[in-house]
Structures are given as C-alpha cells and as structure tokens.
1. For a 30 Å ceiling on Cα separation, which of these pairs sit above it: A:Lys218/B:Lys16; A:Lys115/B:Lys96; A:Lys19/A:Lys74?
2. Find the centroid of the Cα atoms in segment B:1-38 and in segment B:68-90, then give the distance between the two in whole Å.
3. Quick one: dipole size for segment B:13-126, taken about the Cα centre, charges +1 on Lys/Arg Cβ and -1 on Asp/Glu Cβ, in debye to the nearest 20.
4. Hey, what did chain A get for relative contact order, percent, Cα under 8 Å, at least 6 apart?
5. In terms of Cα to Cα distance under 14 Å, which aspartates and glutamates are near enough to A:Lys118, apart from those fewer than 8 places away along the same chain?
6. Dipole magnitude of segment A:1-81 about its Cα centre, charges +1 at Lys/Arg Cβ and -1 at Asp/Glu Cβ only, in debye to the nearest 20?
7. Taking a ≥ b ≥ c as the square roots of the eigenvalues of the Cα gyration tensor of segment B:13-126, is the shape rounded (a/c under 1.5), prolate (a/b larger than b/c) or oblate?
8. Highest first, please rank the peptides A:212-220, A:116-124 by the mean number of other Cβ atoms sitting within 10 Å of their residues.
Amino acid sequence: MAERTITLEVFRYRPGTDKEPVFQNYTVPFRDDWVVLDALNYLKDQVDGSISYRWSCRMGVCGSCGMMVNGTPKLTCAAFLKDYYPGPVRVEPLANFPVERDLIVNITDFAHKLKEVKPFIIRREEKPVSEGEYLQSPAELATFKQFSMCINCLLCYAACPIYGLESSFVGPAAIALAQRYNLDSRDQGQEERHDVIFRHEGIWECTFVGECSEVCPKDVDPAGAIQQAKVGGALDLVKSMLMPRGAR
Amino acid sequence: MSEAYRRPVSDTWWLKNPNYRFFMYRELTAVFVLAFLLVFLYFLRQLASGPEAYNAFLRRLSSPWSFIFHTAALVAACFHSSTWFNLTPKAVVVRKGEEKIPDAFLITPNYVGWLTISVIIFLIATWS
C-alpha cells in the first residue's frame with residue numbers, strides 16, 4: 001500500500017527577499033502519532049532546511065511552538081495531523097504579532113507588558129529567613145492556582161481580536177498573571193500593579209469575546225481573570241466612595 | 001530596525017470564527033435595546049404632552065411595523081440578557097473551601113430575579 005501523505009501549506013516570509021509573505025506547499029508522510037511540529041521537523045531535516053520556527057520541549061510545557069493551524073492558535077506539539085486529515089494543513093505564525101521570519105513572530109511587545117504587571121510576589125517588607133516561610137492554606141492557593149498555569153505561549157493574544165485591532169491592550173496573559181499575584185495571599189503588590197491593570201488599555205479594553213480562554217492549552221481562563229478583575233475594580237471604587245480612607 | 005512583517009486585520013475578521021460571530025451578534029443586539037429605549041423616551045415625552053399626543057402615540061404603536069420592531073427588540077433583549085447571565089460564573093467566583101460552587105448556583109438567581117421582576121411589572125401594568 002502506498003504511504004499516506006498530507007500537505008502542509010507553510011507561511012513563508014524571508015525579510016530582505018520577500019516583500020510579502022507567500023505560502024509554500026510541502027507533502028509530508030502522514031503518521032497517526034505525528035503532530036504538526038513533527039511534520040515541520042521532518043521538513044526542516046529532510047526537505048527544506050530554510051524553514052524557520054520556534055520549538056523546544058515537545059510536551060506542552062515550554063510554550064514556544066504556538067502557531068496558527070488552519071486559522072486557530074495551537075501549540076503545534078499538541079496539534080495531531082490525524083485531526084486535520086486528509087488536509088491540507090495551513091501553518092501560519094501566531095496572528096496579531098509582527099512576523100520576523102517564516103513562522104517566527106516578534107513578542108517584544110508582550111515581554112514588555114509582562115514586565116509591567118510585575119509577575120512576582122511583592123512584599124512591603126520581607127520577613128527574615130529565621131521567621132520561616134510565608135504559609136498558605138490550600139483554599140488560599142486555590143484562588144489563583146488556575147492562573148499560575150500560564151506558560152506564556154501567547155495563543156490567547158493570537159485569539160484576541162481586541163489585541164489585533166488595538167495593540168496597546170495589555171492583553172489576556174499579562175492580566176491573568178497580574179491577577180494571579182494580586183490574588184496570592186503572600187503578595188502585597190496590588191497597588192504597584194493597579195495603574196497597568198486599571199488604565200484604559202488594561203481590563204476595560206476587553207469586550208469579553210472570550211476566545212482567549214477557548215484556545216488556552218492550560219485552561220488558565222484569562223477571560224475569566226479579566227472579568228474578575230473588573231468586578232474587583234468596580235467594588236473597590238464603590239468602597240472608596242462609601243468608606244473613609246483607611247477603613248478599606 | 002527589524003523588517004518584521006505586519007499582517008493587516010481585515011474588516012471581516014469576525015466572520016472567520018463562530019465564537020467571534022456569536023460575540024458580534026451579542027453586541028449588535030444592544031442596538032435594538034438602544035432603539036427601544038429611544039422609543040420609550042419618546043413615549044414618556046408624548047405622555048407628558050397631554051392625552052391627545054398620548055393617544056396618537058398609542059395608535060402608532062399598534063401598527064404592524066411597530067409590532068415587528070417590538071417583537072424583534074424583545075427577542076434581542078432576551079438573547080442579550082441570557083448571554084450575560086450565562087457568563088456570570090466567569091466574572092464572579094464563589095468558593096466553598098478549595099472548590100468553586102457549581103455554575104448553576106450563580107446563573108439561576110439571575111433568571112429567577114428576571115422572572116420575578118417581569119411578573120411584578122406585568123401585575124402592576126395590568127392592575128385596574
């Protein structure tokens with residue numbers, strides 16, 4: 001029996017050579033246990049070494065192999081070819097980001113936003129090591145654990161039409177991570193994150209399309225994180241109007 | 001300076017994905033809600049202008065076009081409200097210990113409140 005194959009339509013953009021991106025078709029062997037990333041690795045090793053893309057762990061942890069597969073943001077290490085058979089499978093770089101080369105996008109904008117939300121525990125005053133660790137109950141952990149699963153793969157930014165139209169939007173993952181630390185019982189940095197989250201380009205830019213949560217490979221639910229931050233922000237505003245300063 | 005290529009976003013981006021379409025329909029239903037409120041404000045103005053203006057307004061309300069508009073506005077408002085009611089568990093998380101309480105506990109009170117208020121308004125409106 002002839003070997004089964006599947007066609008990959010790969011987005012190619014070579015700066016300096018191509019003015020516009022083009023799609024290049026490749027035929028790869030079809031195997032039940034292959035994911036799109038396996039097919040790309042096959043192409044790079046056997047057919048065309050010039051194809052550029054990012055990848056590392058092959059097990060949905062590093063978050064570097066995110067691409068658009070047939071128009072949907074996917075981790076290519078988790079997108080099985082059999083789900084797209086008989087094909088063709090269109091592979092493009094993550095939407096909403098500038099393309100550096102082929103399937104590689106420039107994520108400087110996100111890196112900058114991530115830094116802005118200070119995704120680490122902030123203490124007003126660190127207690128000395130001799131006093132032991134900061135304790136946390138399982139119930140306190142549960143309030144933010146889901147948001148801590150983010151692997152910065154940026155599928156949520158590629159799925160977010162708001163980010164596509166207004167790149168100043170802080171965006172799903174960065175806000176979910178801000179919420180992750182704001183909800184952490186050990187953290188005292190809410191005020192330092194306040195301006196980034198509550199400015200116009202923060203949570204209020206989100207119109208709750210919800211697609212970010214649909215595509216998230218780690219079930220982080222960034223759309224939920226943003227709406228919860230909106231509710232929290234609105235309640236804080238009401239409290240600040242009703243209560244004298246210091247009573248909050 | 002990098003020669004990174006920026007892909008344009010087409011005006012029809014929202015047609016490409018069923019969830020985007022659902023989002024746009026949800027937002028578009030707000031137009032009907034707005035239109036209904038404008039008609040309602042006009043109704044209040046006519047009411048304040050005296051019995052003649054009020055009766056003329058009532059006659060216009062009984063036209064087929066008015067009936068079609070109000071039916072469409074009601075359907076749109078019901079759809080708009082239910083989509084937001086169903087999203088309540090996303091915005092409000094209530095935990096019992098480590099576990100989130102089931103979504104239905106957050107969604108159902110919205111519908112119960114909606115129904116209760118609608119019945120009260122209906123009773124007041126038909127009181128005579």
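1. Pairs exceeding 30 Å: A:Lys115/B:Lys96.
2. First find each Cα centre; the distance between them is then 18 Å.
3. On the way: 10 positive and 5 negative charges, 42 e Å.
In total the dipole reaches around 200 debye.
4. 17
5. Candidates past the 8-residue exclusion: A:Asp184, A:Asp187, A:Glu191, A:Glu192, A:Asp195.
6. 220
7. On the way: a/c = 3.42, a/b = 1.71, b/c = 2.00.
Oblate is the answer for segment B:13-126, as a/c is 1.5 or above yet b/c matches or exceeds a/b.
8. Highest to lowest by the protection proxy: A:212-220, A:116-124.
Read the figures in this text as sums done on the coordinates, not as results from a lab. Being a predicted model, the structure only gives us computed values, none of them experimental. Glycine gets a Cβ as well: all are built from the backbone with ideal geometry, and neighbour counts include every protein chain shown.
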